[in-house]
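Following: one structure in structure tokens, then a few remarks.
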Amino acid sequence: MLIDLPQSALNSRGAFDPILDLDTRLFIDPHLLKHEDIPEFRNSYISLQAHFQRISKLLSASEAINDVFWRNADKMMQWSEVKGLCIGYASKGTSGSGIGPELRRRLLSTAKAIISKGRDEPELFELVGLLEEDFGPDRISDMSANVIRDDLVTFTKRIYRELIEAGGTPLAIDTKTDLPINPFTDQPILLVPISLLRDLPVALDWSSRDIIAQHNEELRQRVNHIIGQSWKEATRGLKKGDLKEILLENPELIDDLVKQYAAKEAQKYDFVNDRAGEYIWFSISRQFVKDNPLSLLLPTHPTTDDVYKLVLSICVKFKNLVENNGLCKLFYNEDGTAKHESAIQLVFFGISDSYCQANKLLIAPESDSGRGPVDFKFGTNMENSVLVEIKKSTNTSGLKKGIEKQLPEYMNAEGSKRAVYLVVDVGSTQAAINRLSEINNKINGTAINILRVDGIPKVSASRL
């Protein structure tokens, strides 16, 4: 986290306390800017809309791709990934990607086509993720962060100053920006208000309640036949290119989409229940490790067997914490449904990383050598690395594929001779049980060890 003060020190000031060495998969939602009352951001949404309105005017004046108006519009869309936020979809570390020239060309072409239909609402740029491939929540977030970068800088400086005055230990300061430096990346840190973050921006999050307004019988019949009655059906049931084509053919639908988007309720991310399992794992897993120490020793020149024994000790400890100490609660939503597999992976990372730090053991979440990302890679060098792959029991198709194809390929790509396949049981179907039995028989005696973790919450002894 940012500084050696309780997490509440940042949260009470309206700031998100970032995990400095791993991106949290949350995003700045431009829709939330509209209702922001933190002083530094009261005019941010006005700035965002003004930026898009200037682009619209340039595109309206443009008569051909690459004319002077087009080029100026393109310059205003040249957004890079804003470093230092520690949020987004980076597969490892905290660096992401911006918007390249080909994607900008497609975005501007789409915007130009919509504007030519007489529609130039600035909200259209916030909705572009619905219409263009390769434009998801991370790029919507980057787009917003670029426009409000100065506001983020001012906010960060104020919050950091208040934290130091409250007794926090100062971090190194970047001489160019006067911002605190992330010790893991050597990049300046930018703090984000909690109230601007969501796991999925509103523009991409539609429900069946968002009914398409159909103004006449002919349009009603056509829309129902092609895209259904709600924007949820339209945005999830169609390819983005098809949806864009339908909107351009029916400008009334563009009006309706913008109107409904503008009226949608702004709800920030619920950090208490953490439905995506992206955040609470960090502080809770560290507390579990503090309360349940594990003594681990690694030789000065460890072999693969040495690393494997240590990794297996961590996995067994994780299993015990899940099965007997209530760590499994982090695997479930408030309504009892299991969270995404990534939530379990993050909890394991939080536990294992804490134990590794005490033993100077390298751990690389989602290590990738070209064949695809394995969940975790442990070791002190390439020769003694050990892989850990985690699967949820309900991932029936992935269970068999992971052990038969993915993990052996990862081991070959990473140069690893040993691996642990961690299967977390959050409720198994008979099909999953059969598959796991097949897998055990198939890999018996190989370099891969399967470890099953019972992740089903236990009934309290007082209720037995």
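Points to keep in mind about this one:
- Matching helices (runs of 4 or more DSSP H) fully within region 117-172 where at least 1 residues are among the small types (Gly, Ala, Ser) and touching a Cys at 6+ places or on another chain (Cβ under 7 Å): none
- Selection status of Gly118, at positive phi and in contact with a Ser or Thr (Cβ under 9 Å, 6 or more places away or on another chain): no
- Each residue in region 38-58 was checked for being over 11 Å from Ile148 (Cβ atoms) and part of a helix (DSSP H, G or I), and 10 of them qualify.
- Set Ser208, Ser116: member being in contact with a Lys or Arg (Cβ under 7 Å, 6 or more places away or on another chain) and either under 21 Å from Leu253 (Cβ atoms) or not assigned by TED's automatic domain parsing to the domain that holds Tyr45 (or both): Ser208
- Flag if Leu33 is assigned by TED's automatic domain parsing to the domain that holds Ser141, surrounded by 22 or more Cβ atoms within 10 Å (Cβ to Cβ) and within 20 Å of Glu123 (Cα to Cα): yes
- Residues (hydrophobic (A, V, I, L, M, F, W, C) and in contact (Cβ under 8 Å) with a residue 40 or more places away in the chain) located in region 226-243: Leu243
- The set of residues in region 262-305 that are touching a Ser or Thr at 6+ places or on another chain (Cβ under 9 Å), assigned by TED's automatic domain parsing to the domain that holds Asp335, surrounded by fewer than 17 Cβ atoms within 10 Å (Cβ to Cβ) and not hydrophobic (A, V, I, L, M, F, W, C) comprises Arg286, Lys290, His301, Thr304.
- Within region 20-37, considering residues that are in contact with a Leu (Cβ under 8 Å, 6 or more places away or on another chain) and assigned to a helix (DSSP H, G or I), the one nearest to Gly129 (Cα to Cα): Pro30
- One residue from Ser144, Ser109 being closer than 21 Å to Ile38 by Cα and assigned by TED's automatic domain parsing to the domain that holds Asp174: Ser144
- Residue, surrounded by the most Cβ atoms within 10 Å (Cβ to Cβ), within region 221-237, restricted to residues that are in contact with a Gly (Cβ under 9 Å, 6 or more places away or on another chain) and not in a helix (DSSP H, G or I): Ile227
- Taking the criterion of being closer than 18 Å to Gln229 by Cβ, at pLDDT 90 or above and in a loop (DSSP other than H, G, I, E, B), the only residue of region 250-273 that qualifies is Lys264.
- Ser109 meets each of the listed conditions (1) closer than 30 Å to Gly241 by Cα; (2) in contact with a Ser or Thr (Cβ under 7 Å, 6 or more places away or on another chain); (3) not in a loop (DSSP other than H, G, I, E, B) apart from (2).
- Single unsatisfied condition, Phe184 versus (1) within 25 Å of Pro39 (Cα to Cα); (2) touching a residue at least 60 places away in the same chain (Cβ under 8 Å); (3) outside any helix (DSSP H, G or I): (1)
The values are calculated or read from the model by the stated rules, or taken from the named source; none is laboratory data. All values reported here derive from a predicted model rather than from experimental measurement. We place every Cβ from the backbone using ideal geometry, glycine too, and count neighbours over all the protein chains shown.
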